[in-house]
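See below for the structure under consideration.
The values are calculated or read from the model by the stated rules, or taken from the named source; none is laboratory data. Keep in mind that this is a model prediction, so the values were computed, not measured. Cβ coordinates were reconstructed from backbone atoms using ideal geometry, including for glycine residues, and neighbour counts include every protein chain displayed.
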Amino acid sequence: MEQIYIGMGSNLAAPEEQLRSAIEALAQLPDSQLRGVSAFYQSDSLLPGQPRYTNAVAALASSLQPLALLDALQAIENQQGRERNERWGPRTLDLDILLFGDRLIDEPRLKVPHYHMQARPFVLYPLAELAPADLQLADGRSLQELLAACPFVGLERLA
């Protein structure tokens, strides 16, 4: 089984409930074990005029292959009413594979490490709650380097 980190976000239809439902669905994935979930965080949307997002990161151990896991995550998103109308638009649920073991993945449908995670505090700070402090990404960057370059700005950790 490989250690996988999944970024989760929602800004529609009771976002905290959306994340809780997603966590339940992740715990039911075949050939996988949910190992942990970060605290929930709120942040502003990347686009103006949208509701604030609620975000978290889940740690998963799985023997699923990357594209099979991606398909399973997209099925969860669809079950929770995800509509893909606008890039970075509002959504009931967004599930992103952030890290997949020590793999570098460059497929048309999947890029790992996640291609924008280094600039997103709403990904890095929840990830840091779950990952080892000395985590090295497959591309050679360390989580500590990414955190140092991405201040905790615009985030609110929820109770």
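Applying the selection to region 106-140, what residues are assigned to a loop (DSSP other than H, G, I, E, B) and over 19 Å from residue 2 (Cα atoms)?
Correct list: 108, 109, 115, 116, 120.
With region 31-101 as the region, which strands (runs of 3 or more DSSP E) entirely inside it contain at least 1 residues that are touching a Ser or Thr at 6+ places or on another chain (Cβ under 9 Å) and more than 20 Å from residue 131 (Cα to Cα)?
Output list reads 41-43, 53-62, 94-100.
Would you call residue 151 more than 16 Å from residue 27 (Cα to Cα) and in contact with a Ser or Thr (Cβ under 6 Å, 6 or more places away or on another chain)?
Spelling it out, it is not the case that residue 151 is more than 16 Å from residue 27 (Cα to Cα) and in contact with a Ser or Thr (Cβ under 6 Å, 6 or more places away or on another chain).
Restricting attention to region 59-66, does a residue exist that is modelled with pLDDT under 95, surrounded by 15 or more Cβ atoms within 10 Å (Cβ to Cβ) and on the phi < 0 side of the Ramachandran plot?
Scanning region 59-66, I find no residue that is modelled with pLDDT under 95, surrounded by 15 or more Cβ atoms within 10 Å (Cβ to Cβ) and on the phi < 0 side of the Ramachandran plot, so the answer is no.
Are there any pairs with C-beta distances below 9 angstrom linking a residue in region 136-159 that is under 21 Å from residue 103 (Cβ atoms) to a residue that is among the charged types (D, E, K, R), with the two at least 6 apart or on different chains, and if so which?
136/102; 137/102; 138/102; 138/103; 142/134; 143/134; 144/134
When both residues are 6+ apart or on different chains and their Cβ atoms are under 8 Å apart, which pairs have a first residue that lies in region 21-36 and is of a type in the set (A, V, I, L, M), and a second that is buried (at least 18 other Cβ atoms within 10 Å of the Cβ) and part of a helix (DSSP H, G or I)?
22/76; 25/76; 26/76; 29/69; 29/72; 34/26
I'm trying to understand the selection: among the residues of region 1-35, which are of a type in the set (S, T, N, Q), crowded, with 18+ Cβ neighbours inside 10 Å and closer than 14 Å to residue 72 by Cβ?
32
Inside region 102-127, can you point out the residues that are surrounded by 15 or more Cβ atoms within 10 Å (Cβ to Cβ) and either among the aromatic types (Phe, Trp, Tyr) or out of contact with any helix residue (DSSP H, G or I) (no Cβ under 6 Å at 6 or more places or on another chain) (or both)?
112, 113, 114, 120, 121, 122, 125, 126, 127
What is the one condition in (1) within 27 Å of residue 154 (Cα to Cα); (2) at pLDDT 95 or above; (3) of a type outside the set (Asp, Glu); (4) outside any loop (DSSP other than H, G, I, E, B) that residue 25 does not satisfy?
With (1) within 27 Å of residue 154 (Cα to Cα); (2) at pLDDT 95 or above; (3) of a type outside the set (Asp, Glu); (4) outside any loop (DSSP other than H, G, I, E, B) applied to residue 25, the lone miss is (1).
Taking the stated definitions as given, is residue 6 more than 29 Å from residue 151 (Cα to Cα) and touching a residue at least 40 places away in the same chain (Cβ under 8 Å)?
For residue 6, the condition - more than 29 Å from residue 151 (Cα to Cα) and touching a residue at least 40 places away in the same chain (Cβ under 8 Å) - is not met.
Being modelled with pLDDT of 95 or more and either over 14 Å from the mean Cα position of the chain (by Cα) or farther than 28 Å from residue 152 by Cα (or both): is that true of residue 97 here?
In short, no.
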